[in-house]
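Participant: One structure follows; several queries about it will come next.
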Amino acid sequence: MSSCSVAIPVHNQRAFIARAVRSALEQDLPGLEVIVVDNHSDDGTWEALQPFAAQGVKLHRNPSNVGLFGNFNRCLELAAAPYLRFLSGDDVLEPGCLRSELALMERHPGLAMLSTRGGFVSADGAPLGRFATEFPSGIYDGARFAGDWLNYYARYRSNPLNYPSGVLFRRAAIGAARFDPGWRTTGDIDFYFKVLRQGELGIATSTGCRVTRHAGQAHVGPNLDGTAMREHIALLERHLGAGRGAGLRKYLAGTCLALALRRCLHPATRSSAAIHWRLARELAPLFAALFGLLSLVAYRASRTVLGGAAPYVPRPLRPLG
């Protein structure tokens, strides 16, 4: 079995980093390379990492903060194995996940990446539910998957793929692809689409990671200040083009309207409500945004009833056996 790099980008996550590193070291995989790249933390994260050097962990520290996805690119530069897993510094790998995932990748040499199911946990590790379960297990056409993902996300406001902590990459398929360092939330999805131009996507039923939900997660601020939605609009234009993406804008407007209505009920999120109200009006006329909102409710209801047979859930090309 080929070797794998686990690359851990981290910034100011002293409370979580030790358990992330331990979850990588405990993988039963020969030749495993574990790399941690500290993005110039100032909370003691770097100091907390030092004992792991004696266990063979390769520790690197950026001389300055290069941003969330800039640090992912730094991990890409340092990782050397034929397979690569990113592991966020506040997440953990599921025990034994890498061995079974590598076996799938080696059985299917056309796979550029493999996405698993994930589990949310609280800061103290208590389970909070599963995610990345909406698309059936199987092998998907990588070249058309950007369109499949965008068509689904626009209507459901749900990402059917795992976070990078639950995705295994074939290094040869990454090639020259890099994360966009200017993006704050959708850089991972944009990167997935770039890699999938080089091969197929596998979606497995196994759980690959546990993602910690806490107030300091990188996406919390951008979700409130409108950055996340603006980046999803940019994702549409980048991967579908302005023409094909235009038909989906009303659904994103409906999502903005839903966020505005929900967040206006709480004083702490009323400024976010105003931001998303303005975004809805920028994206589509009010009647179209209302259509998008009603569609969001209807599509989510269909997913509850129909599961993997719901509208805009793509079908795999073949099983992942």
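Participant: Sort out which residues of the stretch 39-55 are of a type in the set (D, E) and not in a loop (DSSP other than H, G, I, E, B), and write them in order of number.
Facilitator: E47
Participant: Now, a different point. From the residues in the stretch 5-56 that are of a type in the set (A, V, I, L, M) and over 25 Å from L168 (Cβ atoms), which one is surrounded by the fewest Cβ atoms within 10 Å (Cβ to Cβ)?
Facilitator: Step one: of the stretch 5-56, the residues of a type in the set (A, V, I, L, M) are 6-8, 10, 15, 17-18, 20-21, 24-25, 29, 32, 34-37, 48-49, 53-54.
From what is left, the residues that are over 25 Å from L168 (Cβ atoms) are 15, 48, 53-54.
Working: A15: 17, A48: 19, A53: 11, A54: 7.
Step by step, filter the stretch 5-56, then rank; the result is A54.
Participant: Where the second residue is among the basic types (K, R) and the first is not assigned by TED's automatic domain parsing to the domain that holds L104 and lies in the stretch 300-320, which pairs have Cβ atoms under 6 Å and are six or more apart or on separate chains?
Facilitator: Here the result reads A310/R303; Y312/R155, each pair linking the stretch 300-320 to a residue that is among the basic types (K, R).
Participant: So, one more: Tell me the residue from P136, P82 that is farther than 26 Å from R178 by Cβ and either in contact (Cβ under 8 Å) with a residue 40 or more places away in the chain or surrounded by 22 or more Cβ atoms within 10 Å (Cβ to Cβ) (or both), please.
Facilitator: Step by step, each of P136, P82 is checked, and only P136 is farther than 26 Å from R178 by Cβ and either in contact (Cβ under 8 Å) with a residue 40 or more places away in the chain or surrounded by 22 or more Cβ atoms within 10 Å (Cβ to Cβ) (or both).
Participant: Now for a separate question. Just to be sure I understand the filter: pairs with C-beta atoms under 6 Å, separated by 6 or more residues or on different chains, first member in the stretch 176-187 and touching a residue at least 40 places away in the same chain (Cβ under 8 Å), second member charged (D, E, K, R) and part of a loop (DSSP other than H, G, I, E, B). Which pairs pass?
Facilitator: G187/D180
Participant: Still on this structure, I have one more. Criterion first (assigned by TED's automatic domain parsing to the domain that holds A112, surrounded by 20 or more Cβ atoms within 10 Å (Cβ to Cβ), assigned to a helix (DSSP H, G or I) and over 13 Å from the mean Cα position of the chain (by Cα)) does A154 satisfy it?
Facilitator: When the stated conditions are applied, A154 passes them.
Participant: Give all pairs with beta carbons closer than 9 Å in which a residue from the stretch 57-75 that is outside the structural domain of L32 (by TED's automatic domain parsing) meets a residue that is buried (at least 16 other Cβ atoms within 10 Å of the Cβ) and not β-branched (V, I, T); count only pairs at least 6 apart in sequence or on separate chains.
Facilitator: Final answer for the pair search is none.
Participant: What residue, among those in the stretch 208-221 that are buried (at least 19 other Cβ atoms within 10 Å of the Cβ) and either modelled with pLDDT under 95 or touching a helix residue (DSSP H, G or I) at 6+ places or on another chain (Cβ under 7 Å) (or both), is nearest to I139 (Cα to Cα)?
Facilitator: Checked the stretch 208-221; the qualifying residue nearest to I139 (Cα to Cα) is G208.
Participant: Another question, if that's okay. Taking the stretch 289-300 only, how many residues are surrounded by 16 or more Cβ atoms within 10 Å (Cβ to Cβ) and aliphatic (A, V, I, L, M)? Walk me through how you get there before you give the answer.
Facilitator: Looking only at the stretch 289-300, we keep the residues that are surrounded by 16 or more Cβ atoms within 10 Å (Cβ to Cβ), and these are 289-293, 295-296, 299.
Then drop every residue that is not aliphatic (A, V, I, L, M), which leaves 289-290, 293, 296.
Number satisfying all stated conditions: 4.
Participant: Take residues that are farther than 20 Å from P9 by Cβ and tell me which of the strands (runs of 3 or more DSSP E) falling wholly in the stretch 56-127 contain 2 or more.
Facilitator: Per the criteria, 111-121.
Participant: Let me spell it out: the conditions are (1) modelled with pLDDT under 95; (2) crowded, with 18+ Cβ neighbours inside 10 Å, and D124 meets all of them except one. Which number is the exception?
Facilitator: Condition (2) is where D124 drops out.
Participant: Does L252 meet the test of being outside the structural domain of Y153 (by TED's automatic domain parsing) and in contact (Cβ under 8 Å) with a residue 24 or more places away in the chain?
Facilitator: Yes: the conditions hold for L252.
The values are calculated or read from the model by the stated rules, or taken from the named source; none is laboratory data. Source: prediction; values computed, not measured. All Cβ positions, even for glycine, are placed from backbone atoms using ideal geometry, and neighbour counts span all protein chains on display.
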